[in-house]
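Accompanying notes for the structure given below.
The values are calculated or read from the model by the stated rules, or taken from the named source; none is laboratory data. Only a predicted model underlies this, so the values are computations on that prediction, with no experimental measurement involved. Every residue, glycine among them, receives a Cβ derived from its backbone with ideal geometry; neighbour counts consider all protein chains shown. SASA here: full protein model, heavy atoms, side chains in, ligands and nucleic acids out. Shrake-Rupley method; radii C 1.70, N 1.55, O 1.52, S 1.80 Å.
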Amino acid sequence: MQKNIPAIMIALLTGLVAGVFIGLYTVPSAAISREPARIDGSSLQNEPNPTSASNTKGTAGPTRAKAAIDATPDESTIRNLIDTSISQQATIAGDGIISGSIKDIAGKPVARIVVRMTPHYVKKSRPFTARVEIPKLKTIEDAVRETVEDYQHTTGATVEFETGADGNYSFSALNDHTYSVAAYSNKYKLEHFGKPEADARSGETVDFVARPIAAVRVELVLPDGGTPAEAIVFTTTHSNGAAYGYGYNWSAQDPYVYLSEGRFELRPSVKGSNAKLGESAFFAEPQTIEIDSGAAAPSVIFKLKAALQISGNIKFPAADERAIASVYMMEWPPDKPPMLEILRKAGRSKNVLGGAPNFNYQGLAAGSFLVGVARAGETAIVDHKIVTIGTESVEIVLEIPSLQKDDCLIANAVGKSGEKLDDLEFQFIIKSERIKLSNWARADQKHTGEYWITPPDDVETLFRKAWEPGTRVYLRATSRACGERTVELTSGQRTIDIIYDTPSRLTITISGYKGSGYEGKLSFLLDRASERALGYSRSPMIPIGADGTGSAANNQPGEYSIVLFSRIDAGDRTGTVPAERRTIQLTAGDNSLALPMPELYSLTVHVAGRTGDAFAAIRRISTDQFNDSSYPEFKIPEDGTITIPSMAPGEYEIRVIASEGNSSMNITVPAAGTIEFKAK
């Protein structure tokens, strides 16, 4: 075992011991340059492995601290402590061996390869206890022993072997542990089955394949004949149909990229003085090179060109109160008709504000590009240009046309007292035999109070033509102050009045809930018939409080179903199932509803003959279309018995999901005893 502890470790332990005396256990942070020991006793140079000591605070008072500082041991005392700890921690050598060989791709042995072996070390953890215990104070010997032990089991236990002419290596006198084996060289890429290192136990063999690394000299020449100070050289290679890329930091002092054998595409990028742009100021066309085993490394010369740019200005309408736009750009053949949908989906996008309506795309090569602009929140390109750049950059102007009433749905919205509302958001809901969608829409409120609502693309397409039979379109307006209002539109309609009545407030009281043992298990929501028909219910789940009451405010007056839910818990999973439904007519102002505590039961099901993990999902069988509850999968315990509490009377489907396949059966609640699961 190597005993030459680095001098920095002595300094570290001096601080540690002083900390133990002080009672703070404080170790100053320090960067430690470790030199792992070779088998021959020498050290591996130029292989720094920085680390830092940890800091922990104690609670000693200042009087005790001063006395301890005066008694801090000197370096000689610490050396004696270290030697004692090393002798106590010395591990009895075993008789195991890990060996292997290093060969090139032709099968020839490779000499002067450094192979490093480090044992896996799992530090002992303190056993868990629920009791509150006062931790034992560490002595100096304890602190030194732990530090030496950590060092010996990691860096201090790392050994190395340099291969000779036969390419073989061997580590002997090993215990029955797991070790990490890795090989290093400046001239070869070393892999064990495609990986740079391998885990092995005593008696195993780990062979590495050495692939030569070529130092490819890259010369970059600026347009004025000079050389850039630094750049990034991107390399791309392909393997098994996939592309793998890497960026090398290039400098005039180190103009090399290091590649193993294969075919590579090289492309340089030189940034400009404005680092914020993050785009190339100079570029060159990519070049492809081949790296052959045993052949001299090629060199590459790139003659850089000044990168070009497309810049421009967005001209917004004078009356546009939301001057925000999105600009899109992509390469495009000059003789091909523009396809704006492709531009919007695949183009590089930038957001532009009316206060600073400028944009630019930098780092471009000469070529042809399609550039377009769309209003914020919309997908339709409203203006575009095909731009060709050669030796100079190009500047363009794109214009956003003024909104026209014919392009919008005009909404007048007033509150319960006739006041104009200025906090509305709008959503289109469409339902037909072919489609069912819900999209938010941009709305510009004019000084008159009108909302000019711009339909999204998919809705706008519908607005341009007569609707198919059976198509129903709704506009939902949401106000923080007045709640929601949903109105149905007709084909060709371009104006609508949204009038908020006095909103309704509903308070539900569950008699017998308090003290039932089911507190926290019930919640409810309001299900409006018109909303359910759309399939877009917006009502949140409202919990019943511990006092048995729950309230829902800012609802539009009308007919609702009150759906009461019970929460079911099994293991670490939670879900809800509908327990009861009532119909109620809500009027403007306060409304109240008293409900009795529903009867709730536990259901126990035994599932036999399952191997591995299995889950049970439960679903309430209902004749109506309402299905706004969650049905999680509950893990079935090893004994196959699962108990699901808080279930209301009714018909349920139990579905078992297992590796052997899925199956289900119907169960009626309440059910006596344990139900044996039998697939239907």
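Points to keep in mind about this one:
- Virtual paramagnetic centre 7 Å along Cα→Cβ of Lys108, amide N under 15 Å, in the stretch 161-195: 165-167, 188
- Rolling a 1.4 angstrom probe over the protein heavy atoms with all chains in place gives the stretch 363-453 an accessible area of 48 Å² per residue.
- Pairs from Lys315/Lys350; Lys315/Lys336; Lys420/Lys465 whose Cα-Cα separation, in the structure shown, is over 20 Å: Lys315/Lys336; Lys420/Lys465
- Rolling a 1.4 Å probe over the heavy atoms of the protein chains gives the stretch 540-581 an accessible area of 40 Å² per residue.
- Apportionment of accessible area to carbon and sulfur, the stretch 343-430, percent (1.4 Å): 43 percent
- Measuring between alpha carbons in the structure, the pairs from Lys271/Lys305; Lys189/Lys271; Lys385/Lys446 lying more than 21 angstrom apart are Lys189/Lys271; Lys385/Lys446.
- Inter-label distance, nm, simple model (7 Å from Cα along the C-beta direction), Ile97/Tyr184: 2.6 nm
- Residues listed by number, the stretch 638-663, amide nitrogen under 16 Å from Lys678 label point at 7 Å toward C-beta: 654
- Heavy-atom accessible area per residue - the stretch 171-316, 1.4 Å, Å²: 58 Å²
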